[in-house]
Structure formats: C-alpha cells, structure tokens
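The values are calculated or read from the model by the stated rules, or taken from the named source; none is laboratory data. Note that the structure is a prediction, hence the values are computed from the model and not measured. Here the Cβ positions follow ideal geometry from the backbone for every residue, glycine too, while neighbour counts run over all protein chains shown. Just the protein is used for accessible areas: all its heavy atoms, side chains included, with ligands, DNA and RNA removed. Shrake-Rupley method; radii C 1.70, N 1.55, O 1.52, S 1.80 Å.
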Amino acid sequence: KYLNSLEGQNVTVRVEKKKKQRSLSQNAYYHGVIVAMLSEFTGFSADEMHLALREKFLSVHTDNGLVKIRSTTELSTDEFVDYTNRVVIWAATSLSVYIPGPGEVSL
C-alpha cells in the first residue's frame, strides 16, 4: 500500500543485509573487563573511560570539519570485536596494560 502511494514520486530504495548486533557477553566483557581495567589504571570513571575510548576509536571526521562519534550500540558483532581488539592492542602498546581476552576471564 505504502509503495503504491509513492507512484510518480522520485524515491530512493536501499536494501542492506541486516547486521547482527553485539552480544550480551561482548558487552559484559567490554564494560566489565576492558573499561573497568582502563578506568582503574587511568583514574577515569567508567563513563569517562567509555567516552574516551569511543572518541579515540570510533570518531568519524565529516566533510564539513565536524566529528561524529559512533555509539557502540550501533556496532555489529564483527565491528565490536574489531573495536575491542583495537582498544586492547592500544592499552598494551601505549599504556603497558595487559587486558585478558574474553576466554581468560569469567563473566
């Protein structure tokens, strides 16, 4: 019905493969291990640490000079794995902080 109502109008149709959202265990590992360890190390609160990590690793520079910071809630499971891996590598190389992998901790 709705498509028929658009007849004669210029429209754009976009089809995308639905991305699987991050899992509860990924979220628990991120907040319970990564954010907790880094906030303890840096003295940031958990919220401040989460925002700082998002700014560092999920910033997108736009054509107009502004910066959009992606939310972790919009990441797919694969994107979230990439994000957490980049954070863990950065913590090890820049801060000398070892963060155990998800298989090394019980959540």
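Here are the numbers for this structure:
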item: Most positive-pole-ward Cα, 72, 15, 46, against dipole of the chain from beta carbon charges; result: 15
item: Projected area averaged over orientations for the range 57-107, convex hull of C-alpha atoms, nm²; result: 4.9
item: Sites residue 52 and residue 12, calculated FRET efficiency, Cβ-Cβ separation with R0 30 Å, nearest 0.05; result: 0.25
item: Fraction of accessible area attributable to carbon and sulfur, the range 1-78 (%, probe 1.4 Å); result: 52
item: Accessible surface, the chain, averaged per residue in Å² (probe 1.4 Å); result: 74
item: From phi via Karplus (6.51, -1.76, 1.60), per-residue ³J(HN,Hα) for the range 96-107 in Hz, x at Gly/Pro; result: 6, 10, 8, 10, x, x, x, x, 9, 10, 9, 9
